[in-house]
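Notes follow once the structure below has been shown.
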Amino acid sequence: MVIARAYGMLGPDAHDASAVRASYFVDPDGILRAMTCYPATIGRSVDEMIRMVAALQRVHGGDVLAPAGWTPGADMLRRPGETVDAVLGAPGAADWFYATVPDEPGI
């Protein structure tokens, strides 16, 4: 409950953490990078938590994006162009955003 209180998940008067049904992903610098919330009636997925940590680590450098359902070794997405020319110059309607690249850390 110390961590839950430190991140404002529990009030100072809480006697237990039964109301907390959230998972927080905090980087080594103490910055909250992601969170998931669940109702008390649904269990959390450990596999999804591990996938999320892997994705957060992989995209940390800002060179690529992780698409939905990404797993280590699967293709990543190239960062999209941020100018009008990049958007309008793409060969296909979605190519300015959805262009896959191999999962090779450091590219």
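The values are calculated or read from the model by the stated rules, or taken from the named source; none is laboratory data. Just so you know, these numbers come straight off a predicted model, no measurement behind them. A quick note on method: Cβ atoms are made from the backbone with ideal geometry, for glycine too, and the neighbour counts reach across all protein chains shown.
Taking each residue of segment 51-71 that is within 22 Å of Gly81 (Cα to Cα) and looking for partners that are assigned to a loop (DSSP other than H, G, I, E, B) and at pLDDT below 90 with beta-carbon atoms closer than 7 Å, six or more apart or interchain, yields Arg58/Pro105; Asp63/Arg79; Asp63/Ile107; Val64/Arg79; Leu65/Arg79.
Residues of segment 40-56 that are of a type in the set (A, V, I, L, M), assigned to a helix (DSSP H, G or I) and loosely packed, with under 11 Cβ neighbours inside 10 Å: Val46 alone. Residues in segment 1-25 that are surrounded by 13 or more Cβ atoms within 10 Å (Cβ to Cβ), in contact (Cβ under 8 Å) with a residue 12 or more places away in the chain and either out of contact with any Pro (no Cβ under 9 Å at 6 or more places or on another chain) or assigned by TED's automatic domain parsing to the domain that holds Met49 (or both): Ala4, Tyr7, Met9, Ala14, Ala17, Val20, Ala22, Ser23, Tyr24, Phe25. Condition check for Ala86 on (1) part of a loop (DSSP other than H, G, I, E, B); (2) modelled with pLDDT under 75: one failure, at (1). Within segment 7-54, the set of residues being within 24 Å of Gly73 (Cβ to Cβ), out of contact with any Ser or Thr (no Cβ under 7 Å at 6 or more places or on another chain) and of a type in the set (S, T, N, Q) comprises just one member, Ser45.
The set of residues in segment 69-82 that are part of a loop (DSSP other than H, G, I, E, B) and either modelled with pLDDT of 75 or more or surrounded by 10 or more Cβ atoms within 10 Å (Cβ to Cβ) (or both) comprises Gly69, Trp70, Thr71, Pro72, Gly73, Ala74, Asp75, Arg79, Pro80, Gly81. The set of residues from segment 1-30 being at pLDDT below 90, within 16 Å of the chain's Cα centre (by Cα) and assigned to a loop (DSSP other than H, G, I, E, B) comprises just one member, Gly30.
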